[in-house]
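The values are calculated or read from the model by the stated rules, or taken from the named source; none is laboratory data. Small disclaimer: the values here were computed from a predicted structure and weren't measured. Backbone-built Cβ (ideal geometry, glycine too); neighbour counts: all protein chains shown. Calculation scope for accessible area: heavy atoms of the full protein, side chains included, ligands and nucleic acids excluded. Shrake-Rupley method; radii C 1.70, N 1.55, O 1.52, S 1.80 Å.
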Amino acid sequence: MTKANSRESEYAIDPMFLDRWSPRAFTGEIIEEAQLLTLLDAAHWAPSSANMQPWRFLYALKGSEHWEEFVSLLVESNQEWAKNASALIFVVSRSFNGARSEGRSSYTHSFDAGTAWGHLAMQARISGFYAHGMGGIKHDEIKEKLGVPDGYRVEAGIAVGRIADKNTLSERNREREFPSQRKPLSEVAFNGHFIGND
Ligand SMILES: Cc1cc2nc3c(=O)[nH]c(=O)nc-3n(C[C@H](O)[C@H](O)[C@H](O)COP(=O)(O)O)c2cc1C
């Protein structure tokens, strides 16, 4: 077992997996594009089915001309804290393989894009940042305003920044600003056949 960050794993995993979590309190500092591209570089080394690399990343840096628009594309409850991130990313995935005209749909595009997000989140910690995933985004508006073509699925948003004191948050967010726990491994990992436990 490994202990880190008020968490404890059942087996001896690397502490980096416990150290990654999703804070909402960010310093709002400006970061260089190269710092964000370092995280996106790690993300795009993720494995994918047939190496199709279906992920696409749309990003805006705080202080840039695109920042306010990106913030406005989050649902309000996420805008409240994510506006203090240093970068916002929307992950989009290509839902077809080969040429569009071939009409071959991909079964794994979302799974593959999720793997890339996982890589990004781990590289963020290694680089001294935190990454916070967001399903609360305006999917249709993102497609329309950021020019995402048909055949691409808007998957999720990501806020990236350096962690700040939780007292900078609203009371509601302050109360949930801690590394969360996990279900027992036996509830999600089954030897041989599925075990229903909902
Ligand atoms: C795809 C995805 C969507 C999420 N959506 C939101 C969101 O809209 N707003 C939010 O505050 N947190 C969001 N989260 C953060 C999760 O609630 C968080 O990852 C989860 O509770 C586990 O906590 P941890 O990341 O701190 O370990 C999202 C996370 C993921 C991976």
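Here are some notes:
- Checking the cross-link pairs Lys62/Lys183; Lys83/Lys138; Lys3/Lys166 against a 27 Å limit on the alpha carbon distance flags Lys62/Lys183 as lying beyond it.
- Anisotropy class of the chain from Cα gyration tensor, a/c 1.5 cut: oblate
- Whole-number percent relative contact order across the range 27-164, with pairs defined as alpha carbons under 8 Å at least 6 apart: 33 percent
- On a per residue basis, the chain carries 57 Å² of accessible surface, using protein heavy atoms and a 1.4 Å probe.
- Among the protein heavy atoms of the range 27-164, carbon and sulfur supply 51% of the accessible surface, probe 1.4 Å, non-protein parts ignored.
- Charges were assigned to the Cβ only: +1 to each Lys and Arg, -1 to each Asp and Glu. The resulting dipole of the range 27-164 about its Cα centre is roughly 360 debye.
- Net charge over other residues, Cβ less than 15 angstrom from the Cβ of Phe178 (K, R count +1; D, E count -1): +2
- The order of the peptides 84-91, 189-196, 159-166 by mean Cβ neighbours within 10 Å, most packed first, is 84-91, 159-166, 189-196.
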